[in-house]
Amino acid sequence: MTEVSSLTSSAAQSKSAASQSGLMANYELFLSILTTQIQNQDPLDPMDSAEYTNQLVQYSNVEQSIQQNKNLESIIASLKSSQSLAYVSYIGNEVTVDASSTLLSGGQASWKYEVKEDATGTYDVYNASGDRIYTGEAELKAGSGTIEWSGQTDDGAQAADGVYTIAFNMKDAASRVEKVITATTGIVDSVDWSSGEAVLSVAGQNVPVSSVISVSKPS
């Protein structure tokens, strides 16, 4: 069954609405005070009109800025919606992805790999900023397999959900460097935006859409 998670800009829209509401409340208070001052001013010593005119101009500029932000948010939301529809077209198609990056969710992350010879060594896990946060030891059997990671970092903390990348440092029985292949090919079952980035479910593995190498119709 195919599945698509929704993407909205409600938080940004709520922020603009709150800003607009706060501005109007202050603007109405300003007009009320200004009207009261004008009604009770000394006819022989009237108020300086330049000052409150300047304040009116400032309020107008702020209102225009908020309106521009609302328009920009609307444009961004439209672009994200169009981009989301483009990713939906991946569903049911066959993709080849660089599976060195995967999604950590709920304390679970995994990478599928292939290696020609039995190999031992270490692997490093990097966050989205490129910082190495975990190093583990591994013994890989020739063929294909899966590396599981709970999200625990080297300092004992729990990594936040998101996209993480693995890098292998493996050697075979003769101490020769053994290449570990993480690219995988499969049918896209679903697209999920809950992490803030489009993530595809391919052959039971979650991979960011930025890792896609090729897309084709299933044979």
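Remark: ALA77 matches the filter, which requires a residue to be under 22 Å from the mean Cα position of the chain (by Cα), hydrophobic (A, V, I, L, M, F, W, C), over 30 Å from ASP172 (Cβ atoms) and modelled with pLDDT under 80.
Exactly one residue out of VAL180, VAL188 is hydrophobic (A, V, I, L, M, F, W, C), within 21 Å of the chain's Cα centre (by Cα) and surrounded by 14 or more Cβ atoms within 10 Å (Cβ to Cβ): that is VAL188. Of the numbered conditions (1) over 24 Å from GLU94 (Cβ atoms); (2) surrounded by 13 or more Cβ atoms within 10 Å (Cβ to Cβ), THR165 fails exactly one; give the number of that condition. Only one criterion is unmet by THR165, namely (1). When SER144, SER101, SER129 are screened for being in the same structural domain as VAL191 (by TED's automatic domain parsing), closer than 15 Å to ILE181 by Cβ and exposed (fewer than 13 other Cβ atoms within 10 Å of the Cβ), only SER144 passes.
Determine, yes or no, whether ALA198 is under 30 Å from ALA86 (Cβ atoms) and not basic (Lys, Arg).
yes
With a requirement of 3 or more residues that are without any contact (Cβ under 8 Å) to a residue 40 or more places away in the chain and more than 20 Å from the chain's Cα centre (by Cα), the strands (runs of 3 or more DSSP E) lying completely within the range 90-141 that satisfy it span 132-140. Restricting ALA203, ALA160 to residues that are under 16 Å from SER101 (Cβ atoms) and exposed (fewer than 12 other Cβ atoms within 10 Å of the Cβ) narrows the list to ALA160.
The values are calculated or read from the model by the stated rules, or taken from the named source; none is laboratory data. Owing to the predicted nature of the structure, the values given are computational and were not obtained by experimental measurement. Quick reminder, even Gly has a Cβ in these numbers, built from the backbone with ideal geometry, and neighbours come from all protein chains shown.
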